[in-house]
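Written below as structure tokens is the structure these notes are about.
The values are calculated or read from the model by the stated rules, or taken from the named source; none is laboratory data. This structure is a prediction, so every number in the text was calculated from the model and none was measured. Cβ placement follows ideal geometry from the backbone for every residue including glycine, while neighbour counts extend to all protein chains displayed. Ligands, DNA and RNA are stripped out before the accessible areas are found, and what is left, the full protein with its side chains, is counted by its heavy atoms. Shrake-Rupley method; radii C 1.70, N 1.55, O 1.52, S 1.80 Å.
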Amino acid sequence: MKPIQVTRSSMPAFEEYMEEIKVLWESHWLTNMGEKHKLLEAELTHYLNTPNVTLFTNGHTALECAIAALNLTGEVITTPFTFASTTHAIVRNGLKPVFCDINENDYTLDVNKLEMLITDQTSAIIPVHVYGNICNVNEIERIAKKFNLKVIYDAAHAFGITVNGEGVANFGDASMFSFHATKVFNTIEGGAVTFRNPNLRKVLNDLKNFGITGPESVEYVGGNAKMNEFQAAMGICNLRHIDDEIMKRKAVVRRYRENLSGIKGIKLCQIQLGVKSNNSYFPVVFEDYKLNRDEIYELLKEHHIIARKYFYPLTNSIDCYKDRFNSNDTPVAKYIAERVLTLPLYADLALEDVDRICEIIIECQPNKKEYLIIPNELGRTVSNKIIINS
Ligand SMILES: *Cc1c(COP(=O)(O)O)cnc(C)c1O
């Protein structure tokens with residue numbers, strides 16, 4: 001049986017992509033803000049329903065540039081329950097991450113623990129809409145205003161989500177989106193920054209192009225973070241199908257919920273009121289369940305189903321930071337990270353496969369087809385793994 005991976009990249013039909021890139025053989029314009037780049041930027045401005053979008057070669061450098069563009073200093077309050085990228089972007093800008101705990105309902109920043117972390121060094125808050133769960137944006141905005149802090153959302157998981165009709169890209173001073181191959185919407189690799197103050201456009205555009213501001217002037221210490229035409233063309237194609245893809249994901253998520261709701265020891269994310277989800281991830285928390293998270297992970301693997309321990313380990317305990325931070329300072333994040341598993345989810349995941357995954361989780365039985373029970377010399381039985389099915 002073919003293994004089921006945690007995700008599978010969405011792709012347009014081969015012919016559709018070929019058609020889209022054909023003109024590049026006429027123009028010979030492959031990167032540096034070409035026609036495809038311009039078109040995708042305009043289309044995303046429309047799709048995300050936000051005034052200001054600028055594209056990047058990936059989400060991580062987009063976040064690094066957003067931080068640089070907002071001139072942050074000193075300390076930045078953030079979450080450890082995220083991909084390494086969020087913390088790295090802060091540290092690589094020479095800033096100090098200060099880790100705030102998460103709440104136990106949707107795993108976003110616990111706004112009740114936020115204010116006590118603010119010092120006279122704090123310049124910003126970088127929360128994460130983790131799994132596409134939307135942060136308490138109103139409370140974060142209120143606190144940011146009160147202490148004169150900037151807010152940049154890591155919205156890598158939140159593409160296209162709306163909250164009471166408002167596009168998620170409109171919260172905070174800026175948001176970063178990732179268009180990596182594994183995300184709901186992809187440009188192979190890619191990303192974008194959306195931002196409130198239109199004056200940021202120029203500096204963001206300069207930062208992604210070596211800080212070059214004119215034919216003979218380089219005003220910033222920029223990098224190279226430009227999205228190329230092939231990436232943009234992939235985005236233009238994928239954007240045509242995005243609503244359909246999200247709808248298919250929704251059916252998968254609904255099936256998971258039907259199968260796994262109400263089972264003792266299995267906790268699913270609360271559905272957020274007013275939020276139109278993009279169904280990007282399906283995290284499950286195993287709390288005093290028959291098997292623990294690591295055992296479920298191994299069991300699924302034995303059945304050739306690859307889940308992911310997102311987000312374990314926390315970024316405040318990954319190798320490069322563990323000597324500087326203590327994950328006991330964020331106890332809820334630590335608790336969830338030790339128990340959470342994100343299950344396979346992509347548009348074309350068959351509902352029968354969802355049922356099978358759930359059945360394995362519910363029954364906790366090893367993959368019998370692959371086990372042959374043979375007696376050992378002492379008369380006891382041991383199980384040797386011999387693959388007898390295909
Ligand atoms: C994917 C991801 C990123 C990085 O985006 P890339 O496009 O892969 O560089 C950052 N933060 C989070 C939470 C992510 O999941």
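Computed quantities for the displayed model
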| quantity | calculated |
| --- | --- |
| Flag for Leu30 being in contact with an Asp or Glu (Cβ under 6 Å, 6 or more places away or on another chain) and either open to solvent by 60 Å² or more (accessible area, probe 1.4 Å) or in the same structural domain as Tyr281 (by TED's automatic domain parsing) (or both) | yes |
| Total residues in the range 256-277, condition assigned to a helix (DSSP H, G or I) and surrounded by fewer than 20 Cβ atoms within 10 Å (Cβ to Cβ) | 4 |
| Qualifying residues in the range 324-347 (those that are charged (D, E, K, R) and within 19 Å of the chain's Cα centre (by Cα)) - the one nearest to Phe99 (Cα to Cα) | Lys334 |
| Residue check for Ala84: on the phi < 0 side of the Ramachandran plot and either touching a strand residue (DSSP E or B) at 6+ places or on another chain (Cβ under 7 Å) or outside the structural domain of Met176 (by TED's automatic domain parsing) (or both) | no |
| Verdict on Leu291 being assigned to a loop (DSSP other than H, G, I, E, B) and in contact (Cβ under 8 Å) with a residue 40 or more places away in the chain | yes |
| Looking only at the range 65-84, and only at residues there that are under 16 Å from the mean Cα position of the chain (by Cα) and surrounded by fewer than 23 Cβ atoms within 10 Å (Cβ to Cβ), the one that is nearest to the ligand (Cβ to nearest atom) | Phe83 |
| Any hit, the range 111-130, residues being touching a strand residue (DSSP E or B) at 6+ places or on another chain (Cβ under 7 Å), assigned to a loop (DSSP other than H, G, I, E, B) and touching a residue at least 60 places away in the same chain (Cβ under 8 Å) | no |
| Pair list, Cβ < 7 Å and 6+ apart or interchain, from the range 46-65 residues that are touching a residue at least 12 places away in the same chain (Cβ under 8 Å) to residues that are open to solvent by 40 Å² or more (accessible area, probe 1.4 Å) and near the ligand (Cβ under 8 Å from one of its atoms) | Thr57/Glu189; Asn58/His180; Asn58/Glu189; Gly59/His180 |
| Filter pass, Met234 being out of contact with any Asp or Glu (no Cβ under 6 Å at 6 or more places or on another chain), within 14 Å of the ligand (Cβ to nearest atom) and either part of a helix (DSSP H, G or I) or open to solvent by 10 Å² or more (accessible area, probe 1.4 Å) (or both) | yes |
| Among (1) of a type outside the set (A, V, I, L, M, F, W, C); (2) in a helix (DSSP H, G or I); (3) open to solvent by 20 Å² or more (accessible area, probe 1.4 Å); (4) within 29 Å of Leu300 (Cβ to Cβ), the one test that Tyr17 misses | (4) |
| Criterion: assigned to a helix (DSSP H, G or I), within 16 Å of Ala62 (Cβ to Cβ) and within 16 Å of the ligand (Cβ to nearest atom) - qualifying residue of Ala158, Ala169, Ala181 | Ala169 |
| Scope the range 196-218; condition within 25 Å of Gln231 (Cβ to Cβ) and touching a Pro at 6+ places or on another chain (Cβ under 9 Å); matching residues | Pro198 |
| Selection status of Lys248, open to solvent by 10 Å² or more (accessible area, probe 1.4 Å), under 25 Å from Ala156 (Cα atoms) and either among the small types (Gly, Ala, Ser) or over 16 Å from the mean Cα position of the chain (by Cα) (or both) | yes |
| In the range 85-102, residue farthest from Ile152 (Cα to Cα) [restricted to those that are assigned to a loop (DSSP other than H, G, I, E, B) and either open to solvent by less than 30 Å² (accessible area, probe 1.4 Å) or modelled with pLDDT under 95 (or both)] | Asp101 |
| Hits in the range 187-227 (condition: part of a loop (DSSP other than H, G, I, E, B), within 30 Å of Ser9 (Cα to Cα) and hydroxyl-bearing (Ser, Thr, Tyr)) | Thr187 |
